[in-house]
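Novice: Below is the structure I would like to discuss, written out as structure tokens.
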Amino acid sequence: MSLLIKNIKSLIQVEENPKIWVAGENMSKLNTIENAFLLMDGKLITDFGKMVDCPVSADKVIDAKGKMVFPSYCDSHTHLVYAGSREIEYGDKIRGLSYEEIAKRGGGILNSSKLLHETSEDSLYEQSMKRINEIISLGTGAVEIKSGYGLNVEDELKMLRVIKRIRENSAITVKANFLGAHSIPAEYKNKQSEYVDLVISEMLPLVANEELADFIDVFCDKGFFTVEETDKILLAGMKYGLRAKIHANELDYSGGIQVGVKYNALSVDHLEYTGDEEIACLLNSETMPTLLPGAAFFLGMVDPPVRKMIDAGLPIALASDYNPGSSPSGDMKFIMSLGCIKLRMLPEEVINATTINTAYAMGLSETHGSIARGKIANVFITKEIPSYEFMPYAYGSNLVDTVILNGEVQ
Ligand code: NIG
Ligand code: FE
């Protein structure tokens, strides 16, 4: 079935010659076509151009007068499979307790882990699908989802099976990341190395055997997993063909960026603590520096030195980190706004950072993240808006009018 969108006020992030990512000064360049058409056939984008060259017919035609068309957001870092919520900790945070202090009291990740243990696989799936449907309606077309609230063999597998079910039952593109090393479960307190062994020797082989993960993650940071432990886990993951994609430098200069780059991680994420050494290390790599401004915003933490990173020539991706503890939202448009307001990125930079660069950060830049012939037809039509800058600027409005995934209106 062919689907034609005509009279598009502006077609955003169009590529004649697709790139794998955009970096440095190219981050502030955005290719658009005014008064455009977009043609999709089956699941793919087949053509686009100026209205003067618009095909006369298609199986279905949408008139987008006054509206813009964007490639769907790619959200390359989420923990959206979780049980319940943690608004109870919100009060503690407001009263001044830090993320680490809440974690030390047995709250935080361990709190979600306890809830997840008590939740059936079916209920976890139902709860997670609500979040998936919400992010689809907000314009996200591809999402990476992590395990990491199971923290034992059975519950980590439960989470990953839920992620698999989401992939099989939703139109959104899904990548799974095995994050057994998210936190030390209570029963392994003071026995951290035994837990690392459990992740490597028991969880990993089962995850690989059932083909439940595309990537492997570790929370490499102060108070969580050390560089040495991260090294061991990433090496083990690599043997099973899982590429690294890790949490690093959220709470300190943890060495996480360096160990990620050592294993050719697809991305290193958070990066609030990024200095000259870390920037130099990233510059010689194929690793996408990924910032999660929702978490720094929600926890009131320091912001990463994004201008310095872009000026040095790095690419930057922005993802939501959707999770119950540090960023309970998967709204990528709001993430763009935070990129502009908090990180002082330009509108063009945040659009690149939430589309093509996040597509790279989840191994999808050949098929997602821009409007290019042959790519998957994941796009959204906006409401009537004056300019693309209006998207990050109008930070509280939902401006998505119509969502199209795999060439089908949702
Ligand atoms: O990316 N930093 C580690 N993990 C998550 C938070 C998970 C949670 O608090 O539930 C994050 O911020
Ligand atoms: Fe995270």
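The values are calculated or read from the model by the stated rules, or taken from the named source; none is laboratory data. These figures come from a predicted structure and were not determined experimentally. Glycine gets a Cβ as well: all are built from the backbone with ideal geometry, and neighbour counts include every protein chain shown. These area figures cover heavy atoms from the full protein model, side chains too; ligands, DNA and RNA do not enter into them. Shrake-Rupley method; radii C 1.70, N 1.55, O 1.52, S 1.80 Å.
Novice: In nm, give the distance between the simple-model label positions of residue 409 and residue 252, each being 7 Å from the Cα along the Cα-to-Cβ direction.
Specialist: 5.5 nm
Novice: If amide H atoms are built 1.01 Å from N in the plane of the peptide, which residues on other chains or at least 5 residues away come under 5 Å of the amide H of residue 303?
Specialist: none
Novice: Keeping the other protein chains in place, figure out the carbon and sulfur percent of the accessible area of the range 185-225, with a 1.4 Å probe.
Specialist: Heavy-atom surface of the range 185-225 belonging to carbon and sulfur, 1.4 Å probe: 44 percent.
Novice: Between residue 123 and residue 52, how many nm apart are label points set 7 Å from Cα along the C-beta direction?
Specialist: Going by the 7 Å Cα→Cβ label model, 6.3 nm.
Novice: Just the number, please: carbon plus sulfur as a percent of the accessible area of the range 349-410, 1.4 Å probe, no ligands or DNA/RNA counted.
Specialist: So the carbon and sulfur contribution to the accessible surface is 47 percent.
Novice: Distances longer than 22 Å among the Cα atoms of the range 131-233: what percent of all pairs is that?
Specialist: Values: 1731 of 5253 pairs.
Taking all Cα-Cα pairs of the range 131-233, the fraction more than 22 Å apart is 33 percent.
Novice: Whole-Hz ³J(HN,Hα) for each residue in the range 304-310, computed from phi via Karplus 6.51 cos²θ - 1.76 cosθ + 1.60 with θ = phi - 60°, x for glycine and proline: what do you get?
Specialist: x, x, 5, 5, 4, 5, 5
Novice: Out of every Cα pair in the range 285-390, what percent are spaced more than 19 Å from each other?
Specialist: Result: 46 percent of Cα pairs exceed 19 Å.
Novice: Would you work out which of 103, 244, 51 lies farthest towards the positive end of the dipole of the chain, given +1 charges on the beta-carbon of Lys and Arg and -1 on that of Asp and Glu, about the Cα centre?
Specialist: 51
Novice: Give the distance, in whole Å, between the Cα centre of the range 81-101 and the Cα centre of the range 1-32.
Specialist: Result: 39 Å between the Cα centres.
Novice: Mind checking the full-extension length gain between residue 402 and residue 28? Use 0.36 nm per residue of separation minus the Cα-Cα distance, one decimal, nm.
Specialist: Full extension from residue 402 to residue 28 adds 132.0 nm.
Novice: Here's a follow-up. Under 5 Å between amide H atoms, partner at least 5 residues away or on a different chain: which partners does residue 254 have, H built in plane at 1.01 Å?
Specialist: Long-range HN contacts for residue 254: 249.
Novice: Could you work out how much longer the chain between residue 133 and residue 153 gets when fully extended? Use 0.36 nm per residue separation minus the Cα distance between them, nm to one decimal.
Specialist: Values: separation 20, 0.36 × 20 = 7.20 nm, distance 2.82 nm.
The residue 133-residue 153 span can extend by a further 4.4 nm.
Novice: I've got another one for you. So if I take the centroid of the Cα atoms in the range 122-171 and the same for the range 327-347, what is the distance between those two points in Å?
Specialist: 23 Å
Novice: Kindly write out, for the range 333-341 in residue order, the coupling ³J(HN,Hα) from the Karplus curve 6.51 cos²θ - 1.76 cosθ + 1.60 (θ = phi - 60°), rounded to whole Hz, with x marking Gly and Pro.
Specialist: Result, rounded to whole Hz: 5, 5, 4, 4, 4, 4, x, 6, 6.
Novice: Further question: Given a Förster distance of 35 Å, report the FRET efficiency between residue 211 and residue 383 from their Cβ-Cβ distance, rounded to the nearest 0.05.
Specialist: For R0 = 35 Å, the calculated efficiency reads 0.30.
Novice: Here is a further query. By how many nm would the segment from residue 192 to residue 20 grow when fully extended, if each residue of separation counts as 0.36 nm and the alpha-carbon distance is taken off?
Specialist: In short, 58.1 nm is gained.
Novice: What accessible area per residue comes out for the chain, rounded to a whole number of Å², with a 1.4 Å probe?
Specialist: Heavy-atom SASA per residue in the chain reads 39 Å².
Novice: Next question. If you plug each phi of the range 350-357 into the Karplus form 6.51 cos²θ - 1.76 cosθ + 1.60 with θ = phi - 60°, what whole-Hz ³J(HN,Hα) values come out, in order, with x for Gly and Pro?
Specialist: Once rounded to whole Hz, the list reads 6, 5, 4, 6, 9, 10, 5, 6.
Novice: Another question, if that's okay. Report the one residue of 318, 127, 396 whose Cα lies farthest in the direction of the positive end of the charge dipole of the chain (charges on C-beta: Lys and Arg +1, Asp and Glu -1; origin at the Cα centre).
Specialist: 396
Novice: For a 20 Å ceiling on Cα separation, which of these pairs sit above it: 104/164; 130/175; 6/383?
Specialist: Violating the 20 Å limit, Cα to Cα: 104/164.
Novice: Taking the Cα centre of the chain as origin, sum charge times position over the Cβ atoms of Lys and Arg (+1) and Asp and Glu (-1), and report the length of that vector in debye to the nearest 20. Working shown, then result.
Specialist: Numbers: 40 positive and 56 negative charges, 144 e Å.
I would put it at about 700 debye.
Novice: In addition: Residues with amide H under 5 Å of residue 44's amide H, sequence separation 5 or more or different chain, H placed in the peptide plane at 1.01 Å from N; which?
Specialist: Residues meeting the criterion, in which the H sits 1.01 Å from N, are 377.
Novice: I would also like to ask the following. Roll a 1.4 angstrom probe over the protein heavy atoms and tell me the percent of accessible area of the range 29-71 that is carbon or sulfur. Working shown, then result.
Specialist: Working: 1180 of 2280 Å².
In the range 29-71, the share of accessible area belonging to carbon and sulfur is 52 percent.
Novice: Cβ neighbours within 10 Å, averaged per peptide: list 362-371, 111-120 in order, most packed at the top.
Specialist: Working: 362-371: 23.1, 111-120: 17.8.
So the peptides 362-371, 111-120, ranked by packing, come out 362-371, 111-120.
Novice: Could you give the semi-axes, largest first, of the ellipsoid that matches the chain, computed as the square roots of 5 times the alpha carbon gyration tensor eigenvalues and rounded to whole Å?
Specialist: 35, 22, 20
Novice: What ranking of 250, 210 comes out by heavy-atom accessible area, probe 1.4 Å, highest first? Mind showing how you got there, number by number?
Specialist: Details: 250 5, 210 70 Å².
Accessible-area ranking of 250, 210, largest first: 210, 250.
Novice: Decide, for the range 190-284, between rounded, prolate and oblate: order the square roots of the alpha carbon gyration tensor eigenvalues as a ≥ b ≥ c, take rounded if a/c falls under 1.5, and otherwise choose prolate if a/b is larger than b/c, else oblate.
Specialist: Judged from the Cα gyration tensor, the range 190-284 comes out oblate (a/c at least 1.5, b/c at or above a/b).
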